[in-house]
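Enquirer: First, the structure itself, so that you have it in front of you.
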Amino acid sequence: MTHVLTVNAGSSSLKYALYEKADAPAVVAQGKVGRIGGAAVLTPEGAPQRSLPDGTDHAGALSAVLDTLKASHPGARIDVVGHRVVHGGPDYAAPMVLTDEVLARLDQFAPFAPLHQPHNLAGVRAAKAAFPDALQVACFDTAFHRGHPFVNDTFALPRSYYDRGVRRYGFHGLSYDYIAGELRHRYPELKRVAVAHLGNGASMCALLDDTSVASTMGFSALDGLPMGTRCGQLDPGVVLYLMDQEGMSAEEITDLLYKESGLKGMSGISNDMRELEASDDPHATEALDYFTFRIRRELGAMAAVLGGLDGLVFCGGIGENSAHIRGRVCDGMGWLGISVDEAANQANAGVISDGPTKVLVIPTNEEIVIARAAVQLAGA
Ligand code: ADP
């Protein structure tokens, strides 16, 4: 039996999963390395944590993961590695084998996602060095949205900017791909569905017949909903003001918008939803008010884009676990055919509203989407 390894390398984390290579890949091990670049820690699921040497980089993190997998699954033979890559640019609308040519093209998209793409590609290079004979496959967060109609793919800038790649890409595509697959199999009658992926990063996607037609995220992973530390939708005039009047540099503004805003910036307490829900600080309350307000606003917009709504899906750490947020998003949405069963909501049940518009809680699984794509490209 051969195996597929999936690698999801972020700025300071590397999530991995090992699958048996089959048409329906079965997971055999998974885990995460956190705090890469600092006091890195390896946490294999179901096994004790292990500290890694200070300053461990992505290659060091991957090598620690491989040591752990060798010890726990000595017979595993990895011949395909699937990578999550945030940006596939305007061209890539499907997973790709990571030839040197594709990798060079992905390097060129790094300026589109400077905080994510270089780390993803560092993971790819580490895996290529560790498995020189394995097939390496890239799965893009943008790919699922590449079929958007032009009005949802563009900004109202001079046309030449669109041609140079300044477009609405949309992200969280692997998660939406998974949810679309689940809907196709389990709820084929739902044609017009809004999906709310609410984690530390958060976005929404409008699905028409399981195909993405709109996303709240745009050119970068900053747009749309407020997130743990990212601002969400922002008037570009604010950025001009910060540059012109407050003398902030691009680097300082990047830091502000990506790392210091969102739930963390508004509450002044934390980016973690559990902490904010437990807090009675009025700023935490305001942060939650803003978060739910923006989701409700986008939900209305998606219903308009889709010409009505048959379903709403919650996923991601908050979407799957926070009855409080789900309840607040759905409150007073009778006009959209939503009426939440409070007991089902409190229990994180699969169906929490069973009226004309179904409201579902579906745990997402980005890793299995990568593993399936990798197996398919490997021709197993
Ligand atoms: P990431 O985008 O980093 O993958 P996750 O999807 O894991 O993030 O989501 C993390 C968020 O989910 C955090 O804000 C966390 O507080 C929230 N979360 C996890 N469990 C719960 C819970 N039981 N109630 C409320 N929020 C939760």
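Enquirer: What residue, of Leu62, Leu69, Leu42, is farther than 20 Å from Ala378 by Cβ and either buried (at least 20 other Cβ atoms within 10 Å of the Cβ) or of a type in the set (Val, Ile, Thr) (or both)?
Expert: On the way: Leu62 fails: farther than 20 Å from Ala378 by Cβ; Leu69 fails: farther than 20 Å from Ala378 by Cβ.
After ruling out the rest, the residue left standing is Leu42.
Enquirer: Of the conditions (1) in contact (Cβ under 8 Å) with a residue 24 or more places away in the chain; (2) more than 25 Å from Asn152 (Cβ to Cβ), Ala373 satisfies every one except a single condition; which number is it?
Expert: Among (1) in contact (Cβ under 8 Å) with a residue 24 or more places away in the chain; (2) more than 25 Å from Asn152 (Cβ to Cβ), the lone unmet condition for Ala373 is (2).
Enquirer: Evaluate the following for Thr285: is it within 16 Å of the ligand (Cβ to nearest atom), more than 19 Å from Tyr176 (Cβ to Cβ) and free of Cβ contacts under 8 Å to residues at least 12 places away in the same chain? Write out each step before concluding.
Expert: On the way: within 16 Å of the ligand (Cβ to nearest atom): yes; more than 19 Å from Tyr176 (Cβ to Cβ): yes; free of Cβ contacts under 8 Å to residues at least 12 places away in the same chain: yes.
Yes; evaluated as a whole, the condition is true for this residue.
Enquirer: When you go through Ala180, Ala143, Ala214 one by one, which is the residue that is under 24 Å from Gly317 (Cα atoms), surrounded by 15 or more Cβ atoms within 10 Å (Cβ to Cβ), touching a residue at least 60 places away in the same chain (Cβ under 8 Å) and not acidic (Asp, Glu)? Working first, answer last.
Expert: Working: Ala180 fails: touching a residue at least 60 places away in the same chain (Cβ under 8 Å); Ala143 fails: touching a residue at least 60 places away in the same chain (Cβ under 8 Å).
From the options Ala180, Ala143, Ala214, the qualifying one is Ala214.
Enquirer: Of everything in region 124-143, what is in a helix (DSSP H, G or I) and either more than 17 Å from the chain's Cα centre (by Cα) or more than 17 Å from Val369 (Cβ to Cβ) (or both)? Give them in sequence order.
Expert: First, pick out the residues of region 124-143 that are in a helix (DSSP H, G or I): 124-130, 143.
Result: Val124, Arg125, Ala126, Ala127, Lys128, Ala129, Ala130.
Enquirer: Separate question: Can you find a residue that is at pLDDT 95 or above and assigned to a loop (DSSP other than H, G, I, E, B) anywhere in region 111-119?
Expert: In the first step, residues of region 111-119 are kept if they are at pLDDT 95 or above; the result is none.
So far as region 111-119 goes, no, none of its residues is at pLDDT 95 or above and assigned to a loop (DSSP other than H, G, I, E, B).
Enquirer: Given Ser261, Ser322, Ser267, which one is surrounded by 17 or more Cβ atoms within 10 Å (Cβ to Cβ) and in contact (Cβ under 8 Å) with a residue 40 or more places away in the chain?
Expert: Ser322
Enquirer: Turning to a different aspect of this structure: Consider Arg274 carefully, then state whether it is of a type outside the set (A, V, I, L, M, F, W, C), more than 13 Å from the ligand (Cβ to nearest atom), modelled with pLDDT of 95 or more and in a helix (DSSP H, G or I).
Expert: The answer is no for Arg274.
Enquirer: For Ile338, work out the one condition from (1) part of a helix (DSSP H, G or I); (2) in contact with a Leu (Cβ under 9 Å, 6 or more places away or on another chain); (3) without any contact (Cβ under 8 Å) to a residue 40 or more places away in the chain it doesn't fulfil.
Expert: For Ile338, the exception is condition (1).
Enquirer: Here's a follow-up. Just a yes or no: is a residue in region 6-18 farther than 16 Å from Ala126 by Cα and outside any strand (DSSP E or B)?
Expert: Looking through region 6-18, none of the residues is farther than 16 Å from Ala126 by Cα and outside any strand (DSSP E or B).
Enquirer: Right, something else. Please count how many residues of region 21-36 are touching a residue at least 12 places away in the same chain (Cβ under 8 Å), within 17 Å of Gly75 (Cα to Cα) and in a strand (DSSP E or B).
Expert: 4
Enquirer: Sort out for me the strands (runs of 3 or more DSSP E) sitting completely within region 157-271 that have 3 or more residues that are within 16 Å of the ligand (Cβ to nearest atom) and under 17 Å from the mean Cα position of the chain (by Cα). Don't jump to the end; show me each part of the working.
Expert: Working: elements: 192-198, 202-208, 211-215.
The qualifying strands (runs of 3 or more DSSP E) are 192-198, 202-208.
The values are calculated or read from the model by the stated rules, or taken from the named source; none is laboratory data. Note that this is a predicted model, so its numbers are computed, not measured. A quick note on method: Cβ atoms are made from the backbone with ideal geometry, for glycine too, and the neighbour counts reach across all protein chains shown.
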